[in-house]
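A short write-up of the structure that comes next.
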Amino acid sequence: MFPEIIIGNYLFRGEGLLTFLAVVGCFVHLLFFTVPKSGYSRIHFVNGFLFGLLLGVSGTILFHYLIWDFESFIADPSILITKGFKNFSGNTILGGVVGLLFGVWLYCKMVKVNFLHAVSSIAAIVPLLWMGLGRTACFLNGDAYGIPTTSVFGMTFSEKSHAWMNEWSEHALVYQTSQRPLTEIEKIFSEKYGLQLKDIPIPDSLDKFKKEGYFTLADLQVFYPPQVPFNARALYDKGLYPFPTVYPKVHPTQLYEMFSLVFWFFVLSYISKKKWTEQRMIFIFLVVYGFNRFWIEFFRSDKSSGLFGLTGAQILCLGFMLLGGTLYLYYTNKWKREGMPVVVLK
């Protein structure tokens, strides 16, 4: 993949550039195509978007340390400030969704605008498209990837990606200087991931062997005949000593989520024209987004701690679905009795 992108004389981190473009794209899409149809003024949208974005960024950092890195937070709560907000460390999209919605709700309260109507008519659908496209940032960066797999969908990422290589480099400490590295590698990957040598591709640093017909670690066993004494110099000349860091194919969960969110964007765009979704698209968004991330989490490698066999993210997603479903039923029944509230456009 491309954790680094060079444009002219400038080098950008793929993740940062794509995330920025996704936010800008979402803003432009809403400002010029969605807001005019909603009846609200662009100035109120811009103010609400920026206010929500500020709390959304705060949410990504806060939820990162409360769900994905809770141990570090417990050990040193000040890490939220010293590392989180100071260095913008932590990027949890679930927290961003919570923070963004809270920010928009707070802004609507401040300017006395019907939150349910405003957010349902402006911002309950379009973000799905841009969040989906924004997942390509993680794909380029080689993070938020899935669990190892032998399926046809399996992929490996660039060795230039720090997020990708960090996990596998820890294993390499065991086998790099071993006289029988393949034996150590098979032990590690079979016990932890259920993989055999034939399931693990040779790393990028050994690409020269592909020209000779070697594609998996099992193919490299010919260089370690059991009856031949260990010869570090001969293996060094072949690039096999110290043995390079190896990594398996994994589920590209970033792409799974990208295609899934884009699919839901079109589905919600269609049903948003129905009478039964009026002022309730935000509830449907919560159910759909929660469900979408819930099933993706089964394939994610960076699982957060949770309860009852579920990850922290899945528990949060269940909360999204429960909240969205409950509020949909509550307001539907309430409006049947009392009628929908009057909408004031600003």
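I'd like to know if the range 156-174 contains one or more residues that are in the same structural domain as Asn231 (by TED's automatic domain parsing), farther than 29 Å from Asn91 by Cα and among the hydroxyl-bearing types (Ser, Thr, Tyr).
The answer is no; no qualifying residue exists.
Restricting to the range 179-193, and then to whatever is assigned to a helix (DSSP H, G or I) and in contact with a Phe, Trp or Tyr (Cβ under 7 Å, 6 or more places away or on another chain), can you tell me which residue is surrounded by the fewest Cβ atoms within 10 Å (Cβ to Cβ)?
The residue in question is Glu184.
Any idea which of (1) outside the structural domain of Lys187 (by TED's automatic domain parsing); (2) on the phi < 0 side of the Ramachandran plot is the one Asn231 doesn't satisfy?
With respect to (1) outside the structural domain of Lys187 (by TED's automatic domain parsing); (2) on the phi < 0 side of the Ramachandran plot, Asn231 is out only on (1).
Out of everything in the range 218-240 that is of a type in the set (D, E, K, R) and surrounded by 11 or more Cβ atoms within 10 Å (Cβ to Cβ), what residue ends up being modelled with the lowest pLDDT?
Among those that are of a type in the set (D, E, K, R) and surrounded by 11 or more Cβ atoms within 10 Å (Cβ to Cβ), it is Lys238.
Lys112 fails exactly one of the following numbered conditions: (1) surrounded by fewer than 21 Cβ atoms within 10 Å (Cβ to Cβ); (2) touching a Phe, Trp or Tyr at 6+ places or on another chain (Cβ under 7 Å); (3) in the same structural domain as Arg293 (by TED's automatic domain parsing). What is the number of that condition?
Lys112 satisfies every listed condition except (2).
Go through the range 159-182 and give me each residue that's in contact (Cβ under 8 Å) with a residue 24 or more places away in the chain and β-branched (Val, Ile, Thr).
Matches in the range 159-182: Thr177 only.
Which members of the range 289-327 meet the condition of being among the β-branched types (Val, Ile, Thr) and either within 14 Å of the chain's Cα centre (by Cα) or modelled with pLDDT under 95 (or both)?
Ile296, Thr311, Ile315
Residues that are crowded, with 18+ Cβ neighbours inside 10 Å and more than 30 Å from Thr332 (Cα to Cα): does the range 264-280 have at least one?
The answer is no; no qualifying residue exists.
Can you tell me how many residues in the range 36-84 are out of contact with any helix residue (DSSP H, G or I) (no Cβ under 6 Å at 6 or more places or on another chain) and exposed (fewer than 15 other Cβ atoms within 10 Å of the Cβ)?
Qualifying residue count, the range 36-84: 18.
Could you list, ordered by first residue, the pairs with Cβ atoms under 9 Å in which the first is in the range 191-219 and among the small types (Gly, Ala, Ser) and the second is assigned to a helix (DSSP H, G or I) and surrounded by fewer than 18 Cβ atoms within 10 Å (Cβ to Cβ), at least 6 apart or interchain?
Listed by first residue and then by second, the contacts come to Gly213/Asp219; Ala218/Lys198.
Suppose the filter is at pLDDT 95 or above, touching a Pro at 6+ places or on another chain (Cβ under 7 Å) and β-branched (Val, Ile, Thr); does Val250 pass it?
Yes; evaluated as a whole, the condition is true for this residue.
Does the range 14-33 hold any residues that are in contact with a helix residue (DSSP H, G or I) (Cβ under 7 Å, 6 or more places away or on another chain) and surrounded by fewer than 18 Cβ atoms within 10 Å (Cβ to Cβ), and which are they?
Scanning the range 14-33 gives Gly25, Phe27, His29, Leu31.
The values are calculated or read from the model by the stated rules, or taken from the named source; none is laboratory data. Quick caveat: nothing in here was measured; it's all calculated off a predicted structure. Positions of Cβ are generated from backbone atoms using ideal geometry, with glycine treated the same way; all protein chains shown enter the neighbour counts.
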